[in-house]
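The values are calculated or read from the model by the stated rules, or taken from the named source; none is laboratory data. Keep in mind the model is a prediction, meaning the values are calculated, not measured. Every residue, glycine as well, gets a Cβ built from its backbone with ideal geometry; the counts of neighbours run over all protein chains shown.
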Amino acid sequence: MPQQDSVEQWIQEIVKIDEDKLTDKQIKIIQAAVEIFAEKGYAASSTSEIAQKAGVAEGTIFRHYKTKKDLLLSIVSPMMTRLIAPFIWKDFKEVLESEYPTIEEFLYALAVNRLNFARKHLKIIKILLQEIPFQPVLQEEFKKHIGTKVFHRFAEIVEHFKGKGQIIQMPTPSLLRFSASAMAGMFITRFLIFPDQPWDEEKEIRDTIQLILNGISPK
């Protein structure tokens, strides 16, 4: 039950963040909300479903959280600021700070690292992927605690491989945008759009890297 264990780990960490504030019922509500938001998405979830899964009255949710959005932010905001950012950076740091002889080897290590991270924390990541585009508060939290730090390091790596003649002389922000779009497409397809389809991970990673490096036009 690795996914369930992962969810329990996140819940335990949230409890640690607010250990003096959360009641037993709030912990049950958060647990249920994580499960339902991940399964159905925020928009398609209802507080009545969350209450039923948590084993509490729906009114109990509204005593603690004024709206469904407040419930979502109570889960995601502390995770972003004090949990997800350190988790992502700790797990990511080795890849970003290691030396690779080629850009292809760097991209491969990056893809494997992030796929493993996504599998380990899939339900929480699904909530973030589903909600960040629609929640300005979460967008700001992501940029503040994760996006800026990662962007600057990626820019340094791109400039390094430009200097070695392994990347075309295109503006670095454009190169990062194109590469991130291809990688994100692989992740979203794998975990959100077609999670049950047959999947040759090694081939998908290699094909995505070749698309980034060569584009789709014949040379």
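Return a yes/no flag: does region 28-45 have any residue that is at pLDDT below 80 and either among the basic types (Lys, Arg) or in a helix (DSSP H, G or I) (or both).
Filtering region 28-45 down to residues at pLDDT below 80 leaves none.
So far as region 28-45 goes, no, none of its residues is at pLDDT below 80 and either among the basic types (Lys, Arg) or in a helix (DSSP H, G or I) (or both).
To keep it simple, each residue is scored yes or no on (1) in a helix (DSSP H, G or I); (2) small (Gly, Ala, Ser); (3) free of Cβ contacts under 8 Å to residues at least 40 places away in the same chain; (4) surrounded by 14 or more Cβ atoms within 10 Å (Cβ to Cβ).
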residue: 101; (1), (2), (3), (4): no, no, yes, no
residue: 106; (1), (2), (3), (4): yes, no, no, yes
residue: 113; (1), (2), (3), (4): yes, no, yes, yes
residue: 151; (1), (2), (3), (4): yes, no, yes, yes
residue: 165; (1), (2), (3), (4): no, yes, yes, no
residue: 175; (1), (2), (3), (4): yes, no, yes, yes
| query | Exactly one of (1) assigned to a helix (DSSP H, G or I); (2) crowded, with 18+ Cβ neighbours inside 10 Å; (3) at pLDDT 90 or above is unmet by residue 84. Its number? | reply | (3)
| task | Looking only at region 134-152, decide whether some residue is under 17 Å from residue 112 (Cβ atoms), out of contact with any Leu (no Cβ under 6 Å at 6 or more places or on another chain) and of a type in the set (S, T, N, Q). | result | no
| message | Given the criteria within 30 Å of residue 43 (Cα to Cα) and in the same structural domain as residue 112 (by TED's automatic domain parsing), does residue 138 qualify? | response | yes
| note | Over region 114-161, the set of residues aromatic (Phe, Trp, Tyr) and over 19 Å from residue 39 (Cα atoms) is 142, 151, 154, 161
| field | The one condition in (1) surrounded by fewer than 17 Cβ atoms within 10 Å (Cβ to Cβ); (2) of a type in the set (Gly, Ala, Ser); (3) more than 19 Å from residue 41 (Cβ to Cβ) that residue 179 fails to fulfil | value | (1)
| remark: Scanning region 17-38 residue by residue, those free of Cβ contacts under 8 Å to residues at least 60 places away in the same chain and either under 20 Å from residue 135 (Cα atoms) or among the aliphatic types (A, V, I, L, M) (or both) turn out to be 22, 27, 29, 30, 32, 33, 36
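Residue by residue through region 130-144, note down the ones that are surrounded by 18 or more Cβ atoms within 10 Å (Cβ to Cβ) and not charged (D, E, K, R). Show your work before the answer.
Initially, region 130-144 is screened for residues surrounded by 18 or more Cβ atoms within 10 Å (Cβ to Cβ), giving 130-131, 135, 138, 141-142.
Scanning region 130-144 gives 130, 135, 138, 142.
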| request: Please work out if residue 51 is out of contact with any Lys or Arg (no Cβ under 8 Å at 6 or more places or on another chain), of a type outside the set (D, E, K, R), modelled with pLDDT of 80 or more and within 17 Å of residue 132 (Cα to Cα). | output: no
